[in-house]
Amino acid sequence: MRAFILAQTQLKEIFRQPIAWVVLFFMPIALIGFLLYGLENVLKSESLLPPFDVAIVDKDDDPETRLLIQQFQEDDELESLITFRVMDEEKAQNLLSENKIASILVIPEGFANGIRYGENKPVTVISNEKRPFQSALFLEMMNSSAELISAAQSGVNTIYDYLKEQNYSHEYVMKVSDQMIFDFTTFASGRKMMFDREEIKSFQGVTPLKYYSVSGFIFLLLLTGLLTMSMTSSTNAKIDERLRTFGVSTGAHLFSGLATQITILFMQAVLILAALWILTELKVTGHFGWSLLTFVTAIIVIGAWYTFLSNLPIAEGLRFFIGFLGLVVFAAGGSLIFPESYYTGFLEWLNLSTLSHWLHTSLVNSIFIENEDILFSSLSVLGGMIGTLLFTSFIVRQVKRS
């Protein structure tokens, strides 16, 4: 009973502050509208990397280089990502300065003959610093191709030397060498040798709009919990003194803090869902019962996280900094910005250790996809996190009071 009275007191203290109404209720609507407007192109797309243009400047103008360019332009899979445009160097530089292309590929004079006679005449890739990811991807493709062409030169030289040793005619040797140069070069510059294509479901099998709507929902709840913790921390010191006088138990105080967080988070969550329903055409296509369960779990686990932070025996400013740092880690490393398939190595481990990842997975697989196997594992992990956070909070609070 005392826990409910204490939670009621904390809520009154929060809502007496005019800024609380602005921060907790007006800001989410504004952020949702801003994100929907700013991410309009991404939400309509099925890929995080939009197609881009690359200019080709062919200074060699040899039949072999023209055939090579034609191979680039007619490759269906490359065409879905890159559009190759042949032009002179001046026009290419102008387009680069106007940020209309990602890179310039310059084929030098004597490139084809260089391959034929083993001379080093590499192509030049000029990158657009305003498009770092796209230009880096194209540069990596060219590096891969260059390594294979270098190996191809050794192969051509070996064939040439062998045919000469066998006393074949010069005309025949040159004919075979030219054919080998053509075969090796087109093979090395083929799409399949530049990069491997792997089909992945970037957004867990749902549209970007659904994926990032869940991300926005979780992010705003995490932000709300952080602001709630900040607003209640100023009153907690005064309340703690009264608690010792009236003999309120550690458990009651812990529950009151959790109840305060859950109450505000629930109000915020309903408001966010209403805004998404009004501003978008999203609807539940999964299982309503599972959706309701994951909705409640999301509120409780976020409340437990900030209850844990609020009980740490540290300064208020440091507590807020840790909460803000956690918010950044959850957003960048916990599947809110990038889908799970984009994390590898250490980042994959970091992703799997964040509560935001498991929240996102459970919400997507209950609201939009009914996948009970994934839901069971996700909810089990979240349940373990809730228990661990609350138990740790209880121990820390007991130590503080002793």
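The values are calculated or read from the model by the stated rules, or taken from the named source; none is laboratory data. Please read all numbers here as calculations on a predicted model, not as lab measurements. Here Cβ is always computed from backbone atoms with ideal geometry, including for glycine, and neighbour counts include all displayed protein chains. With ligands, DNA and RNA removed, areas are computed over all heavy atoms of the protein, side chains included. Shrake-Rupley method; radii C 1.70, N 1.55, O 1.52, S 1.80 Å.
Confirm whether residue 128 is more than 22 Å from residue 63 (Cα to Cα), modelled with pLDDT of 85 or more and either open to solvent by 50 Å² or more (accessible area, probe 1.4 Å) or aromatic (Phe, Trp, Tyr) (or both). Explain how you work it out, then say what you get.
Values: more than 22 Å from residue 63 (Cα to Cα): yes; modelled with pLDDT of 85 or more: yes; either open to solvent by 50 Å² or more (accessible area, probe 1.4 Å) or aromatic (Phe, Trp, Tyr) (or both): no.
Against the criterion (more than 22 Å from residue 63 (Cα to Cα), modelled with pLDDT of 85 or more and either open to solvent by 50 Å² or more (accessible area, probe 1.4 Å) or aromatic (Phe, Trp, Tyr) (or both)), residue 128 does not qualify.
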Worksheet item: Listed residues 280, 307, 285; which is closer than 30 Å to residue 397 by Cα and of a type outside the set (A, V, I, L, M, F, W, C)?
Response: 307
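Among the residues in region 381-402, are any part of a loop (DSSP other than H, G, I, E, B) and free of Cβ contacts under 8 Å to residues at least 24 places away in the same chain? Break it down stepwise before answering.
Taking region 381-402 as the starting set, the residues that turn out to be part of a loop (DSSP other than H, G, I, E, B) are 402.
Keeping just the survivors that are free of Cβ contacts under 8 Å to residues at least 24 places away in the same chain gives 402.
Yes, region 381-402 contains a residue that is part of a loop (DSSP other than H, G, I, E, B) and free of Cβ contacts under 8 Å to residues at least 24 places away in the same chain.
Test residue 121 against the stated conditions and say whether it is surrounded by 15 or more Cβ atoms within 10 Å (Cβ to Cβ) and either modelled with pLDDT of 75 or more or under 16 Å from residue 142 (Cα atoms) (or both).
Details: surrounded by 15 or more Cβ atoms within 10 Å (Cβ to Cβ): yes; either modelled with pLDDT of 75 or more or under 16 Å from residue 142 (Cα atoms) (or both): yes.
Taking the combined requirement at face value, the residue satisfies it.
Kindly establish whether residue 282 is in a loop (DSSP other than H, G, I, E, B) and either open to solvent by 70 Å² or more (accessible area, probe 1.4 Å) or not aromatic (Phe, Trp, Tyr) (or both).
On the way: in a loop (DSSP other than H, G, I, E, B): yes; either open to solvent by 70 Å² or more (accessible area, probe 1.4 Å) or not aromatic (Phe, Trp, Tyr) (or both): yes.
Criteria met by residue 282.
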Discussion item. If the requirement is being open to solvent by less than 60 Å² (accessible area, probe 1.4 Å) and in a helix (DSSP H, G or I), which of these qualifies: 336, 325, 347, 363?
Written reply: 363
Worksheet entry | Selected residue (criterion: farthest from residue 261 (Cα to Cα)) from residues of region 294-318 that are of a type in the set (Ser, Thr, Tyr) and more than 27 Å from the chain's Cα centre (by Cα) | 310
Worksheet, complete the sentence: Going through region 160-191 in order, the residues found to be of a type in the set (A, V, I, L, M, F, W, C) and either at pLDDT below 70 or buried (at least 17 other Cβ atoms within 10 Å of the Cβ) (or both) are 163, 173, 180, 181, 182, 184, 187, 188
Worksheet, complete the sentence: Selection over region 48-107 where residues are small (Gly, Ala, Ser), touching a strand residue (DSSP E or B) at 6+ places or on another chain (Cβ under 8 Å) and closer than 29 Å to residue 337 by Cβ yields a count of 2
